[in-house]
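First the structure, in the form of structure tokens, and then the observations on it.
The values are calculated or read from the model by the stated rules, or taken from the named source; none is laboratory data. This one's a predicted model, so the numbers in the text were calculated from it and none came from an experiment. Note: ideal-geometry Cβ built from the backbone for every residue, glycine included; neighbour counts use all protein chains shown.
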Amino acid sequence: MKAKTVAGKKKLPKSFKVKTTLTGKYADQPLFKDKIERANHILKTVGLPKV
Amino acid sequence: MLDNHYNVNASPDFQTFEFVSTGQKGNITKVVRYSEINVKGFYNLGFGDTDPITGFLSDLTVTNNGDSQKVLATVAATLYAFTNTYPDVTVIATGSTEARTRLYRMGITNNLRTIEKDFFVFGLTETGWEPFSKNISYGAFLVRRKL
């Protein structure tokens, strides 16, 4: 998904640092696969909330 | 309270975050990962510990590092950073265990006034999604940035 920054909130908090070393660091791990499957199941069976 | 969080490292795409929990059990690296699911624009919030020996992530580890409020505040901070970058997304969070789901609910409840300034917050009941209310047990949570 293409990044689209919230207007007026571009500045990164001082407590955050961008680290390129994090790119792909966990690529070899099926991260939180169970949770993703559960989230898919919930949205498929329950649907989406009205926002 | 949300201001009291750990320093965070973020991937350039702001979908993966790392921070170190420091407490009674020592230093534990934690990872928050936002992964797009089958519904376009919907992301799962994954959160877990890295095993210090294997380096593998687990969302079932019970750390008991005595800093759960600070850890939850840090996860919330990553949510702000992620939705600053992707404001149109919706994030769904489910606890890996009932205890962890309760912990998420407590974290949202304790900071609801602050969170609701910036997010729509929903909880999942047996009858479906409803706006988050205190003192109700939910099976999952869903948030979307107010623009």
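Quick one: would you say B:Tyr104 is under 17 Å from B:Gly139 (Cα atoms) and aromatic (Phe, Trp, Tyr)? Against the criterion (under 17 Å from B:Gly139 (Cα atoms) and aromatic (Phe, Trp, Tyr)), B:Tyr104 qualifies. So which residues in segment B:1-13 are under 22 Å from B:Thr114 (Cα atoms) and either modelled with pLDDT of 95 or more or more than 7 Å from chain A (Cβ to nearest Cβ) (or both)? Answer for segment B:1-13, where residues must be under 22 Å from B:Thr114 (Cα atoms) and either modelled with pLDDT of 95 or more or more than 7 Å from chain A (Cβ to nearest Cβ) (or both): B:Met1, B:Leu2, B:Asp3, B:Asn4, B:Tyr6, B:Asn7, B:Val8. For segment B:104-144, enumerate the residues that are away from chain A (no Cβ under 14 Å), among the hydroxyl-bearing types (Ser, Thr, Tyr) and assigned to a loop (DSSP other than H, G, I, E, B). Scanning segment B:104-144 gives a single hit, B:Ser137. Within segment B:11-34, the set of residues being crowded, with 19+ Cβ neighbours inside 10 Å and over 19 Å from B:Asp59 (Cβ atoms) comprises just one member, B:Phe14. Checked against the criterion of being among the aromatic types (Phe, Trp, Tyr) and facing chain A (nearest Cβ under 7 Å), the candidates B:Phe19, B:Phe47, B:Phe42 yield just one match: B:Phe42. Out of B:Pro52, B:Pro131, one residue alone is surrounded by fewer than 20 Cβ atoms within 10 Å (Cβ to Cβ) and closer than 23 Å to A:Lys33 by Cα. It is B:Pro52. Under the condition of being part of a loop (DSSP other than H, G, I, E, B) and either in contact with an Asp or Glu (Cβ under 6 Å, 6 or more places away or on another chain) or of a type in the set (Ser, Thr, Tyr) (or both), the residues counted in segment B:42-80 number 3.
So that you can scan it fast, the table gives a plain yes or no per residue for (1) touching a Gly at 6+ places or on another chain (Cβ under 8 Å); (2) among the β-branched types (Val, Ile, Thr); (3) modelled with pLDDT of 95 or more:
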position	(1), (2), (3)
B:Leu72	yes, no, no
B:Arg100	no, no, no
B:Arg105	yes, no, no
B:Asn110	no, no, no
B:Phe119	no, no, yes
B:Ser137	no, no, no
B:Leu147	no, no, no
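Checked against (1) under 13 Å from A:Ile42 (Cβ atoms); (2) of a type in the set (Ser, Thr, Tyr); (3) more than 10 Å from chain A (Cβ to nearest Cβ), B:Thr94 meets all criteria but (3). Could you tell me whether any residue of segment B:63-78 is within 11 Å of chain A (Cβ to nearest Cβ) and without any contact (Cβ under 8 Å) to a residue 40 or more places away in the chain? For segment B:63-78, residues within 11 Å of chain A (Cβ to nearest Cβ) and without any contact (Cβ under 8 Å) to a residue 40 or more places away in the chain: absent. Do the conditions hold for B:Tyr86, that is, is it at the interface with chain A (Cβ under 7 Å from one of its Cβ atoms), buried (at least 20 other Cβ atoms within 10 Å of the Cβ) and of a type in the set (Phe, Trp, Tyr)? Taking the combined requirement at face value, the residue satisfies it.
Residues in segment A:35-51 that are assigned to a helix (DSSP H, G or I) and either within 7 Å of another protein chain (Cβ to nearest Cβ) or crowded, with 16+ Cβ neighbours inside 10 Å (or both): A:Lys35, A:Ile36, A:Arg38, A:Ala39, A:Asn40, A:Ile42, A:Leu43.
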